[in-house]
Amino acid sequence: LKHRGPDWSGLYQHGDCYLAHQRLAIIDPASGDQPLFNEDKSVVVTVNGEIYNHEELRKKLANHKFRTGSDCDVIAHLYEEYGEDFVDMLDGIFSFVLLDTRDNSFIVARDAIGVTSLYIGWGLDGSVWISSELKGLNDDCEHFESFPPGHLYSSKSGGFRRWYNPPWFSEAIPSVPYDPLVLRRAFENAVTKRLMTDVPFGVLLSGGLDSSLVASITARYLAGTKAAKQWGAQLHSFCVGLEGSPDLKAAREVADYLGTVHHEFHFTVQDGIDAIEDVIYHIETYDVTTIRASTPMFLMSRKIKSLGVKMVISGEGSDEIFGGYLYFHKAPDKDEFHRETCRKIKALHQYDCLRANKATSAWGLEARVPFLDKEFINVAMSIDPEAKMIKKDEGRIEKWVLRRAFDDEEHPYLPKHILYRQKEQFSDGVGYSWIDGLKAHAARHVTDKMMFNASFIFPHNTPTTKEAYYYRMIFERFFPQ
């Protein structure tokens, strides 16, 4: 997994327990190498993540001595203080393994929504394996699966329990009246806390509503931050697309409006097709939509990393929270609307989070997603879903509550027509010929006879299109188990 963290390799052994870590240094690059320890080194932790409230947590741990300035350094000390129940105190994204050498017990946890990727597997010899990617497990484990988001695995009980229990998880219908300013403040907080960085960073800007809002808030608040003192107050923005695509045009307009240093990357359909195998190897799925959208992101991440940037802020999650997909027009009532948003958020770790995490990690780049901030989700998911409903006759298009929250006449965040731009799927926005090109390429490699017998070759999740069959063949070659 060296691609995920090219900055440092750490290995720790205690008896038959091994902790290995590939570091991508974002906070305290000088001393935050892992594994991290408590004072007497009896508690050992490897983490992939960012803990945004680490400074407040350090204050709670005033009697502890910290070895590094790393945001993840609080985890071992919180465990000493609070035992297994500390996970909910962490505000951020994380997957970690913590070993208590005093009794050889360990715990594993994954963040609330599953922004960071994590897998667990079991070997025939009784061993338990944990990895950020499937390729770390599939050769050694008899059985392996995705580690459920918002859960903790404890070796003492030998099972999972959910540590993340927000009100929306039960899918009960909320009733808090919509207040645009409350929503706006919550989202601004979610973005600004993600400006915590000791390395150069930028924003992904497709010119759609979500990424444009992220860029606008970042540009607005960057000047006063520690990051600006270190790297300058000029925000860099990045966009990818086929020549003449809708996203490139819209993103350029937003970048001009916000005054960012804008980087535009062009790719051809052939560039994308040439990258498909690498993309499937890295993102570890055969889901058609995910692969279509991951490929441009994968190509863009390589370019961004080559500019010396190590972290980007991105707009994933908004469509799930606010019912931004066009099929939400068909929601029969607010209850169904709300339940569908809950289901979408719970599945994000298999789709958009997986794409954002692995397409960027493939090049040692980190993506941060403010829409999936724990506190912001609490605010957004407590709004009476009646307010989120799409009502054409009242001029309410999809994600109306979010657009309305940032519709500020005096200090506009965005030009009106961008604020009210209709949703493009990411894989459409990069250029309409992209998907046509993929389908044509698959049709050349998958015959009708192959499709006819698909259910015998792939009885589980049988592919129903040639494009799906093509991706599945590649996936099975990398991950035959």
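The values are calculated or read from the model by the stated rules, or taken from the named source; none is laboratory data. The shown structure was predicted, so the numbers you read here are calculated from the model rather than taken from an experiment. All Cβ positions, even for glycine, are placed from backbone atoms using ideal geometry, and neighbour counts span all protein chains on display. Please note that ligands, DNA and RNA were not included when accessible areas were found on the heavy atoms of the full protein model with its side chains. Shrake-Rupley method; radii C 1.70, N 1.55, O 1.52, S 1.80 Å.
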Residue satisfying all of: in region 36-57; charged (D, E, K, R) and over 26 Å from the mean Cα position of the chain (by Cα); farthest from ARG194 (Cα to Cα) among these: ASP40
Cβ-Cβ under 6 Å pairs, at least 6 apart or on other chains, region 140-151 side more than 12 Å from VAL128 (Cα to Cα), far side surrounded by fewer than 20 Cβ atoms within 10 Å (Cβ to Cβ): GLY150/ARG162; GLY150/TYR164; HIS151/PHE160; HIS151/ARG162
Unique match (being over 18 Å from the mean Cα position of the chain (by Cα) and either in a helix (DSSP H, G or I) or in the same structural domain as VAL309 (by the TED database) (or both)) among LEU195, LEU213, LEU183: LEU183
Some residue of region 107-114 being in a strand (DSSP E or B), over 19 Å from the mean Cα position of the chain (by Cα) and basic (Lys, Arg): no
Residue list for region 195-217, restricted to those being touching a Pro at 6+ places or on another chain (Cβ under 9 Å), more than 26 Å from THR295 (Cα to Cα) and not aliphatic (A, V, I, L, M): ASP198
Set PHE452, PHE371: member being at pLDDT 95 or above, buried (at least 21 other Cβ atoms within 10 Å of the Cβ), among the aromatic types (Phe, Trp, Tyr) and closer than 30 Å to GLY272 by Cα: PHE371
Qualifying residue in region 337-356 (condition: small (Gly, Ala, Ser) and open to solvent by less than 20 Å² (accessible area, probe 1.4 Å)): yes
Candidate set from region 218-245 (those that are more than 30 Å from ARG292 (Cβ to Cβ) and touching a strand residue (DSSP E or B) at 6+ places or on another chain (Cβ under 9 Å)); member that is modelled with the highest pLDDT: GLN234
Qualifying residue in region 188-206 (condition: among the acidic types (Asp, Glu), touching a Gly at 6+ places or on another chain (Cβ under 9 Å) and open to solvent by 20 Å² or more (accessible area, probe 1.4 Å)): yes
Boolean, TYR257 is of a type in the set (Ser, Thr, Tyr), within 24 Å of LEU419 (Cα to Cα) and part of a helix (DSSP H, G or I): yes
GLU264 assigned to a helix (DSSP H, G or I), open to solvent by 10 Å² or more (accessible area, probe 1.4 Å), in contact with a helix residue (DSSP H, G or I) (Cβ under 8 Å, 6 or more places away or on another chain) and more than 18 Å from MET311 (Cβ to Cβ): no
Selection count, region 34-79, where residues are over 16 Å from ALA109 (Cβ atoms) and either open to solvent by 30 Å² or more (accessible area, probe 1.4 Å) or outside the structural domain of SER132 (by the TED database) (or both): 15
Selection count, region 210-225, where residues are open to solvent by 10 Å² or more (accessible area, probe 1.4 Å), among the hydrophobic types (A, V, I, L, M, F, W, C) and touching a residue at least 40 places away in the same chain (Cβ under 8 Å): 1
Residue within region 387-404 that is touching a Lys or Arg at 6+ places or on another chain (Cβ under 9 Å), on the phi > 0 side of the Ramachandran plot and surrounded by 15 or more Cβ atoms within 10 Å (Cβ to Cβ) present: yes
